[in-house]
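Written out below as structure tokens is the structure these notes cover.
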Amino acid sequence: MRRRTAPLAVSALLLAAGCTASAGSEDAGSDGGSASVTASAPDQRLTVVADAEPAAAAVSTSRALFDEAGVVVLAPDGDAAATLLGASAAVGLGVPLLLDPEGEGADDAVAAELDRLGAATVLVVGGDAAPGGGDREVVTVPATAEAVGAATGLDLVEADPVPADGEAAAVAELDPDAPAALVPEDGAAGGDGEASGELPEVTRADPLEDTVVLAAGTPESLAGVATARAAGAQVQLTGGSTDPRASADVVDLVAQDPSGTVVALGADFGTEEGLDWKLETAATGAQLPGGGQLLFPQHFMVALYGHPGTGSLGVLGEQDVDASVQRARDTAAPYEALVPDATVVPAFEVIATVASQFPTEEGDYSFEAPVEQLRPWVEAAGEAGLYVVLDLQPGRTDFVTQAERYRELLVLPHVGLALDPEWRLAPDQVHLTQIGSVPVEEVDRVVTWLADLTRENRLPQKLLVLHQFRVDMIPGRENVDLSRDELSVMVHADGQGPQGSKQETWRVLHDVGPAEGLAWGWKNFYDEDQPMLTPEETIAQVSPRPQLVSYQ
């Protein structure tokens, strides 16, 4: 194998059929009844194969991973049986799988790729012609396991029929040393008959073990997945997501070789904004409690709220840190059976700055807890698998100024931020006389500050909580900046009292908007709610379902 040096800079290439050949290909071909194959990693750290048509995507993947192949497998585009068995043959032989969109050997892009690869022999599965003609040897074979096995000399292992929604996964799991004979679940076959002609012996390339192919698993990527496995690349299906931060498995795989090359295979990857920095974030390997680097909907949080060392500000401070960790776990546990589609994560919401009724030393009516006081709680939570949110009650100063005080805690991957507008005062206001508020412009400054901090430090997505129980607490909230994928912005309805009033507040806050892009939180008060909802009632009665339930 020849590995091209990959620069750290990301280049997202929308590879298209008919482009010029990759630089640096070595001259080789069939010699004495054998066919050689050369594979190499792409030049770039990131290559995006975003063709919408399966045949074009197959060509682009071949161009990304193979320099030459004396033998190539070809199947008619849209023929499930031929494509699956073509994948089995391609992976077993270690050669690219291309698709003929016309099924009649007339595609110029496929012919150009066969020329670039130096393909002297084409194995056509389920068809009878190959694009380009000329002196190329064409071996045709019906799309049956027996015929493909006989033509290739591969001992195709018996396989269970593959359902239509499991084709990509089945191809991704093919073992080059013992490929299964993949067949459609519906039993469709590609005809009867025997192979015409013989294949030369194939000398496969060294596997591209340092190349990771992220595949959305969509239909247009199927042949590309086979080609990636044939090249010996590591293939990881993303479950349809195009954000590499979404999957713990993807994060683990990419982090194994942070400087290795990555191919993103699937049309939707072409529209994933910021794919380059998201990949570099995944490559750190840092994960959120509960796994992955995205917060929702993968996770469901249950938090204890309060200030360390005092029970007067919430249940978090009613016990020491170790007992609080256990209480958070116990409080979250009932939700595991109630929220089966997400990972339940216990959490602390720590009041980092406490509103004061009287002027403080700095005159801002806010007591800023020292980092040294909070760090043991933050670190113990992280070690125990809890998420932490630092809550700001800034008084007469601004949120960004206070957030900056806790930068060294916020650069930890399991720590987010909460803004409490109730305690954001105008210059002439005092707490418990007026209910504070914060304009959306100041919220957006926090969005920018926290998102930049997250991006610069390649951190998992951070939670930014906006506490609210009246619309006028955040004027203009409908225009809040939700464009930064580094953050998940949440509105947390933290009103207390009768359940009817709380439900009305919940409805009104939802009506403010925006309708899409916000996460939502609900607070249960032990003493002030009338009555406080049980976990079962919280899930059944609070609709739409929140992503965070906190307890005070």
Quiz item: When ASP485 is evaluated against the numbered criteria (1) surrounded by 15 or more Cβ atoms within 10 Å (Cβ to Cβ); (2) modelled with pLDDT under 95; (3) part of a loop (DSSP other than H, G, I, E, B), which criterion, by number, is the only one it fails?
Solution: (2)
Quiz item: In the range 443-466, which residues are of a type in the set (Ser, Thr, Tyr) and within 21 Å of PHE348 (Cα to Cα)?
Solution: THR454
Self-check item: Set ALA347, ALA337, ALA342: member being surrounded by 22 or more Cβ atoms within 10 Å (Cβ to Cβ) and of a type outside the set (Lys, Arg)
Solution: ALA347
Quiz item: If we only count strands (runs of 3 or more DSSP E) wholly inside the range 281-387, which ones have 1 or more residues that are touching a Leu at 6+ places or on another chain (Cβ under 6 Å)?
Solution: 299-306, 343-355
Exercise. Could you tell me whether any residue of the range 12-34 is at pLDDT 50 or above, part of a strand (DSSP E or B) and closer than 21 Å to GLU209 by Cα?
Key: no
Quiz item: Which members of the range 478-508 meet the condition of being within 27 Å of the chain's Cα centre (by Cα) and either touching a residue at least 60 places away in the same chain (Cβ under 8 Å) or at positive phi (or both)?
Solution: ASP485, SER488, HIS492
Quiz item: Could we say that THR140 is over 20 Å from VAL37 (Cβ atoms), in contact with a strand residue (DSSP E or B) (Cβ under 7 Å, 6 or more places away or on another chain), of a type in the set (Ser, Thr, Tyr) and surrounded by 16 or more Cβ atoms within 10 Å (Cβ to Cβ) here?
Solution: yes
Quiz prompt | Hey, THR203 surrounded by fewer than 22 Cβ atoms within 10 Å (Cβ to Cβ) and of a type in the set (Ser, Thr, Tyr) or not | solution = yes
Self-check item: Failed criterion for VAL95 (all others in (1) among the hydrophobic types (A, V, I, L, M, F, W, C); (2) farther than 17 Å from VAL213 by Cβ; (3) not in a helix (DSSP H, G or I) hold)
Solution: (2)
Practice problem: Quick one: in the range 231-269, of everything that is out of contact with any strand residue (DSSP E or B) (no Cβ under 7 Å at 6 or more places or on another chain) and assigned to a helix (DSSP H, G or I), which residue is surrounded by the most Cβ atoms within 10 Å (Cβ to Cβ)? | Solution: VAL251
Self-check item: Filter result (among the small types (Gly, Ala, Ser) and buried (at least 24 other Cβ atoms within 10 Å of the Cβ)) within the range 307-325
Solution: SER324
Quiz item: Out of the residues in the range 414-457 that are acidic (Asp, Glu) and at pLDDT 95 or above, which is surrounded by the most Cβ atoms within 10 Å (Cβ to Cβ)?
Solution: ASP420
Exercise. Please tell me if PRO460 is surrounded by 14 or more Cβ atoms within 10 Å (Cβ to Cβ), outside any helix (DSSP H, G or I) and touching a residue at least 60 places away in the same chain (Cβ under 8 Å).
Key: yes
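The values are calculated or read from the model by the stated rules, or taken from the named source; none is laboratory data. A quick note: this is a predicted structure, and the numbers were derived from the prediction, not measured. Cβ: placed from backbone, ideal geometry, glycine included. Neighbour counts: every protein chain shown.
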